[in-house]
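The values are calculated or read from the model by the stated rules, or taken from the named source; none is laboratory data. All figures in this text were calculated on a predicted structure; none of them were measured in a lab. Here the Cβ positions follow ideal geometry from the backbone for every residue, glycine too, while neighbour counts run over all protein chains shown.
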Amino acid sequence: MKPQPGQLKRIRNRISGGGYDYRRFAKFAILAAVLLLLLACSTGKQSTWDPVGPVAERQLLLFNVLLWVMVAVFILVEGILLYAAVRYRRRPGQGLPNQTHGNTPLEIAWTIVPTILIMALGIWSVITLYQFDEPPASANNVLHVNVTGHQWWFEFEYEDAGAGKRIVTANELKIPVDRAVRLTLESDDVLHSFWVPKLAGKVDVVPTRTNHMWLQADSDKIDSLPAIFFGQCAEFCGIAHALMKFQVRVMDQQDYDSWVTNYGPPPATTAQAQKGQQLFGQCVMCHTVDGNNDSSAQASRKEAYVAGGALAPAPNLTDLRTRGTLAAGLLDLNKENFKRWVKTPDIIKPGNSMQARAAHLYGSGQLSLSDDDLDALAAYLLNLQ
């Protein structure tokens, strides 16, 4: 049934301005697409377009090849469609063209060519992705680090950081430049994802499963040392997911060796620091400053946490004084931020377990420690003189 003239007029009015202005919508969509493309090409702190290591470089190459092949295929297919639509459009007075069905050579061609293209790209992609799991056989003196994801922070365990020394730290991964680092990824609670955009693509951190990846920072792509690269949990893991950050500090081998040598409990060299050392005894249900953090002690914390007990795994604070940030990368590390974090952890990072697990300190809803006590804790943990 043909629409009546009045119906056609109403349809035209709607399309041209009666509530459905498609031209305005198209302009907005094009503008939004351009803005998104410009944002995607950022070379900021967490940009994948500015790689500084072989893994990130290889991943960028894979992305670029796949992208431009798809762009070329899109342009070719759409170009043929536009050409056919214009070249063979119906003209005035032209009758119905001859009706044919099928073109065997053409159908074989457009079946075989895409199949070969997809298979080639797929095989190359799979081979490349598997190369991201383990360092190449040619890599010498690979550094092994175990990474554990917690809500909402990352723990780093160096089984042999150097000279057989075991180190446990949190939220700041220190690595030597030009040296391959193999990461073993596990989760202590929920699903996380480990991602350092300029060094390596994200890998999921899955409960009850162990994943692997490796990364390396190349000196010829870094302006100066030490260099800081920013990481982020890239899988939604709860209320503070967006605040689960960390840093990778790339150092020359000499500075790295010095950090390993000096790693140990903070020295209480002043009366104020000694007072802070005594006060820290109220924090040892979850935290530790025992240097290598005996693995059995940490395992007992995890078991108690899973069972619903008072103990909980928490960041090892042995080398807190050498880190650049606090609260999983949220605050610059200094005395004032340290005091603010201890006073109001739930405000700075909603959902964290600090206030709930330390009920003996926050039982009234406010921290029971005085300002002088916080000064003493800072003097001890930050080694303030």
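Pick from Val142, Val113: which is closer than 30 Å to Glu57 by Cα and in contact (Cβ under 8 Å) with a residue 24 or more places away in the chain? I'd like the intermediate steps shown before the answer.
Working: Val113 fails: in contact (Cβ under 8 Å) with a residue 24 or more places away in the chain.
Every option except Val142 fails the conditions.
In the stretch 50-105, the qualifying residues are those that are in contact (Cβ under 8 Å) with a residue 40 or more places away in the chain and over 26 Å from Asp178 (Cα atoms), and the one that is farthest from the chain's Cα centre (by Cα) is Val73.
Counting only residues that are closer than 21 Å to Ser193 by Cα and part of a loop (DSSP other than H, G, I, E, B), the stretch 218-256 holds 8 of them.
Hey, among the residues in the stretch 184-206 that are more than 11 Å from the chain's Cα centre (by Cα) and more than 16 Å from Trp153 (Cβ to Cβ), which one's surrounded by the most Cβ atoms within 10 Å (Cβ to Cβ)? The qualifying residue surrounded by the most Cβ atoms within 10 Å (Cβ to Cβ) is Val206. Inside the stretch 199-235, residues that are in contact with a Ser or Thr (Cβ under 9 Å, 6 or more places away or on another chain) and farther than 22 Å from Asn141 by Cα make up a count of 14. In the stretch 269-296, the residues that are at negative phi reach residues that are β-branched (Val, Ile, Thr) and modelled with pLDDT under 90 with C-beta atoms within less than 7 angstrom, at least six apart or across chains, in these pairs: Phe280/Val289.
Against the numbered list (1) surrounded by fewer than 22 Cβ atoms within 10 Å (Cβ to Cβ); (2) out of contact with any helix residue (DSSP H, G or I) (no Cβ under 7 Å at 6 or more places or on another chain), His150 comes up short only at (1).
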